[in-house]
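Engineer: Before we start, here is the structure in question, set down as structure tokens.
Bear in mind these aren't lab numbers, they're just calculated from the coordinates by the rules spelled out. Note that the coordinates shown come from a computational prediction; the quantities given were computed from them, not determined experimentally.
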Amino acid sequence: MTKKLIESKLGNEIIFDFINLNPKEDLDFISSIIINDFKGKVLEEGIAPYNFGFKIFELNDLAFKLYYDDYVEMGLILLKTDKEKNELLRQLAEAILKIIKERNKKI
């Protein structure tokens, strides 16, 4: 299955969903990419019953949530709606997906 990124809207918010990843395994994998490759900082994290989890990150002046859910898979969303920062989040999501694909080839 091809790993890809899909952009969707929820009201005024834009969500960047990672498709065809295993959410439970890849939450930590993507988190490590954000922390180690991009020098992001975890501000908060939580795992709830019924297969939902999230981590809130700060990267430069970009604050966003990485989440997984059995129904919507895994995605990135800004904490505050901002068109300019949506483009930065899109670029980050694309860079993360590229790293995932490269590292999966090595396994």
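Engineer: Once you sort the root eigenvalues of the Cα gyration tensor of region 54-107 as a ≥ b ≥ c, which label holds: rounded (a/c under 1.5), prolate (a/b larger than b/c) or oblate (the other case)?
Structural biologist: Here region 54-107 falls in the oblate category.
Engineer: Please enumerate, by chain and number, the lysines with C-alpha under 21 Å from the C-alpha of residue 105, excluding those fewer than 8 residues away in the same chain.
Structural biologist: 3, 4, 24
Engineer: Next question. Cut-off 10 angstrom, C-alpha nodes, Gaussian network model of the chain. Which of 58, 84, 73 fluctuates the most?
Structural biologist: Comparing 58, 84, 73 in the GNM, the peak value goes to 84.
Engineer: Counting only C-alpha contacts under 8 Å and six or more residues apart, can you give the relative contact order of region 4-106 as a whole percent?
Structural biologist: 27
Engineer: Another question about this same structure. Taking Cα centroids, how far is region 75-107 from region 45-68 in Å?
Structural biologist: 13
Engineer: Pull up the cross-link candidates among the aspartates and glutamates for residue 83, meaning alpha carbon to alpha carbon under 18 Å and not fewer than 8 places away within one chain.
Structural biologist: Here the aspartates and glutamates satisfying the reach criterion relative to residue 83 are 7, 13, 17, 58, 61, 94.
Engineer: What per residue convex hull volume, in Å³, comes out for the chain when only alpha-carbon positions are used?
Structural biologist: For the chain, the hull spanned by Cα atoms encloses 101 Å³ per residue.
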